[in-house]
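Input: a single structure, listed below in structure tokens.
The values are calculated or read from the model by the stated rules, or taken from the named source; none is laboratory data. These figures come from a predicted structure and were not determined experimentally. Backbone-built Cβ (ideal geometry, glycine too); neighbour counts: all protein chains shown.
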Amino acid sequence: MSAFWSYENLERVTGGEWTIEPTDYTAQATGLSHDTRTLQPGQVYLAVKGENHDGHRFVGSALENGAACAIVSDEAAVGPGPVLLVDDTVAALQELASAYRDELAKHDCKVIAVCGSNGKTTTRQLIHHVLTRCGLHGTQSPKSFNNHLGVPLTLLAAQLDHDFIACEIGTNHPGEIASLGDIAWPDATVITSIGSEHLEFFKDIQGVAKEEAAILPFVRPHGYVTLPAEAAELIAPYYNVQEGVIMLPVRHDRDVPEDFPLLGEHNRMNAALVVALCRWLELSGDAVNDALRCAEPPAGRLRQIELGQGVTVLDDSYNANPDSMRAALEVLAESDGRKIAVLGDMLELGVAGEAAHREISAEAGVIADHLVLVGELFRGEVWSDGLPTKIADLVQPGDTLLLKGSRGMALERIIPAVEAKYPKV
Ligand SMILES: CC(=O)N[C@H]1[C@@H](OP(=O)(O)OP(=O)(O)OC[C@H]2O[C@@H](n3ccc(=O)[nH]c3=O)[C@H](O)[C@@H]2O)O[C@H](CO)[C@@H](O)[C@@H]1O[C@H](C)C(=O)N[C@@H](C)C(=O)N[C@H](CCC(=O)N[C@@H](CCC[C@@H](N)C(=O)O)C(=O)O)C(=O)O
Ligand SMILES: Nc1ncnc2c1ncn2[C@@H]1O[C@H](COP(=O)(O)OP(=O)(O)OP(=O)(O)O)[C@@H](O)[C@H]1O
Ligand SMILES: C[C@@H](N)C(=O)N[C@H](C)C(=O)O
């Protein structure tokens, strides 16, 4: 265990003041949690004000349940154990993560950042899967933890004897990548894609490219960046790296095994970036290929569900923007049987949204034998409790059904009705 988690170091790094003093300043906590529902005894509890709760309300129960101490910004939050008062708990979390990042560097644990418009979770999970199968020990972002809370929590959850952390870095507003880059200081970065995401805030693809390029100055000297060749062209105007950083644009997927199981050209390109990263890490090509052959997509990201009577559901319901819509429609176009596309609204596209919905519905109309549009922006069906059954009734044996829309549309709600009609055998 490192002295990093000692009470005296927590005080030093955060600049806080103890409102309830520890009895032994050199004693160690075992890590940090911001959630009493998952907190382990011995961890620091960090109180965060969220959308639904104020974490300060749970300080008492955190300490009663064995938290080593609590970090708070509200003097009134107390309990049976040490309490460290700071101005801003989110800033304290980020300061702790920054300091821990320096510890990780001393222990030669590599931080691998995964940025990009589409494919961060898929690629981050692929990296963790492949590196682990190649014999390295490491950790990765939970769920899609990729923002001002998720990135520091991911870094702080790593152990100092880990070989790597695969850490997603996300954005939906200009400036977010730079502030997270300044915490993560990655050894290597994969930029999965640059596309029409969150245009409400980035305006256009140049805006997205500029934002994603903002990770580059934070890649550590002699570090590594890989990205698709088209993305490299888009970020070229913003190219700015530390000394000795190698940047490898990837043009093709020919190094990915033919039998890589994730669907779609976009996933083959994600895998090609992982292969490039693994070469930089000097991992065995055969071991990397074997690992890629048994990879699985994360839930809701073009996951193929085989039901009874030859019905296939392509569950791509996690999120949507024009690029990931097109990627999914390409897969549907190649699929067996009649093709049914159920497409939900693409959110956060701002003024670009109207044309994008028009174009996608026209393209989908050419590919699908049956197209169902759901949501206001598509001028489609309004969601109702009866919609899943209505869609299940359209499906015939041997069909392929694509479900794709933004998170807010939650199109995975359609799956149980289709499963009920065509139970898995
Ligand atoms: C703070 C937090 O983690 N909240 C998550 C929590 O919400 P919940 O309603 O339970 O809690 P509150 O936030 O209201 O509570 C405040 C705190 O109280 C704690 N607490 C609560 C109850 C209790 O009994 N005990 C407690 O201790 C609680 O733990 C809080 O600390 O759960 C929700 C459901 O799982 C989560 O959705 C919610 O997560 C918030 C939104 C969050 O930001 N989490 C980050 C860790 C994270 O990284 N989340 C990612 C998604 C990130 C994302 O959307 N990324 C964008 C790009 C970046 C956008 C950026 N600008 C932004 O605004 O975020 C992208 O496009 O990818 C994830 O969850 O996967
Ligand atoms: N390189 C890619 N290009 C286009 N679409 C992709 C790519 N990789 C994955 N996708 C699709 O994008 C969607 C989101 O995938 P994923 O969750 O991996 O991305 P993400 O960047 O982590 O998303 P978020 O930022 O919302 O967490 C899925 O539909 C997935 O199939
Ligand atoms: C879920 C969140 N990370 C995201 O990608 N949002 C967009 C707008 C979506 O859900 O499509």
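Tabulated values for the structure
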quantity: Cβ pairs under 9 Å, 6+ apart, first in the stretch 334-353 and without any contact (Cβ under 8 Å) to a residue 12 or more places away in the chain, second away from ligand 3 (no atom under 15 Å from the Cβ) and among the hydrophobic types (A, V, I, L, M, F, W, C); calculated: 334/263
quantity: Criterion: surrounded by fewer than 21 Cβ atoms within 10 Å (Cβ to Cβ) and within 16 Å of ligand 2 (Cβ to nearest atom) - qualifying residue of 417, 410; calculated: 410
quantity: Qualifying residue in the stretch 120-143 (condition: in contact (Cβ under 8 Å) with a residue 40 or more places away in the chain, in a helix (DSSP H, G or I) and within 11 Å of ligand 1 (Cβ to nearest atom)); calculated: yes
quantity: Some residue of the stretch 232-244 being in a helix (DSSP H, G or I), small (Gly, Ala, Ser) and modelled with pLDDT of 95 or more; calculated: yes
quantity: Number of the exception - residue 179 against (1) closer than 24 Å to residue 222 by Cβ; (2) within 16 Å of ligand 3 (Cβ to nearest atom); calculated: (2)
quantity: Test: residue in the stretch 318-325 that is under 21 Å from residue 136 (Cα atoms) and either away from ligand 2 (no atom under 14 Å from the Cβ) or buried (at least 18 other Cβ atoms within 10 Å of the Cβ) (or both); calculated: no
quantity: Residue check for residue 182: more than 16 Å from ligand 2 (Cβ to nearest atom) and assigned to a loop (DSSP other than H, G, I, E, B); calculated: no
quantity: Filtered residue count, the stretch 282-308, keeping only those that are surrounded by fewer than 19 Cβ atoms within 10 Å (Cβ to Cβ) and in a loop (DSSP other than H, G, I, E, B); calculated: 7
quantity: Evaluation of residue 195 against (1) in a loop (DSSP other than H, G, I, E, B); (2) within 16 Å of ligand 2 (Cβ to nearest atom); (3) more than 27 Å from residue 230 (Cα to Cα); (4) in contact (Cβ under 8 Å) with a residue 24 or more places away in the chain (one fails), failing number; calculated: (3)
quantity: In the stretch 300-331, residue farthest from the chain's Cα centre (by Cα) [restricted to those that are aliphatic (A, V, I, L, M) and within 11 Å of ligand 3 (Cβ to nearest atom)]; calculated: 325
quantity: Residue within the stretch 90-107 that is buried (at least 19 other Cβ atoms within 10 Å of the Cβ), of a type in the set (Val, Ile, Thr) and modelled with pLDDT of 95 or more present; calculated: no
quantity: The stretch 45-64, residues that are more than 11 Å from ligand 1 (Cβ to nearest atom) and either surrounded by fewer than 19 Cβ atoms within 10 Å (Cβ to Cβ) or over 20 Å from residue 31 (Cβ atoms) (or both); calculated: 60, 64
quantity: Scan of the stretch 13-56 for residues that are out of contact with any strand residue (DSSP E or B) (no Cβ under 8 Å at 6 or more places or on another chain), of a type in the set (S, T, N, Q) and over 19 Å from residue 157 (Cα atoms), ordered by number; calculated: 23, 52
quantity: Residue within the stretch 273-295 that is more than 16 Å from ligand 1 (Cβ to nearest atom), in the same structural domain as residue 124 (by TED's automatic domain parsing) and closer than 27 Å to residue 204 by Cα present; calculated: yes
quantity: Residue satisfying condition, being within 14 Å of ligand 2 (Cβ to nearest atom) and either buried (at least 22 other Cβ atoms within 10 Å of the Cβ) or among the aliphatic types (A, V, I, L, M) (or both), within set 117, 144; calculated: 117
quantity: Residue satisfying condition, being at pLDDT 95 or above, among the aliphatic types (A, V, I, L, M) and surrounded by fewer than 16 Cβ atoms within 10 Å (Cβ to Cβ), within set 394, 387, 347, 401; calculated: 394
quantity: Residues (among the hydrophobic types (A, V, I, L, M, F, W, C), more than 16 Å from ligand 3 (Cβ to nearest atom) and either more than 22 Å from the chain's Cα centre (by Cα) or closer than 28 Å to residue 298 by Cα (or both)) located in the stretch 94-118; calculated: 97, 99, 104, 105, 109, 111, 112, 113
quantity: Filter result for the condition that a residue is over 30 Å from residue 395 (Cα atoms), touching a Leu at 6+ places or on another chain (Cβ under 9 Å) and crowded, with 22+ Cβ neighbours inside 10 Å, over 274, 311, 219, 245; calculated: 274
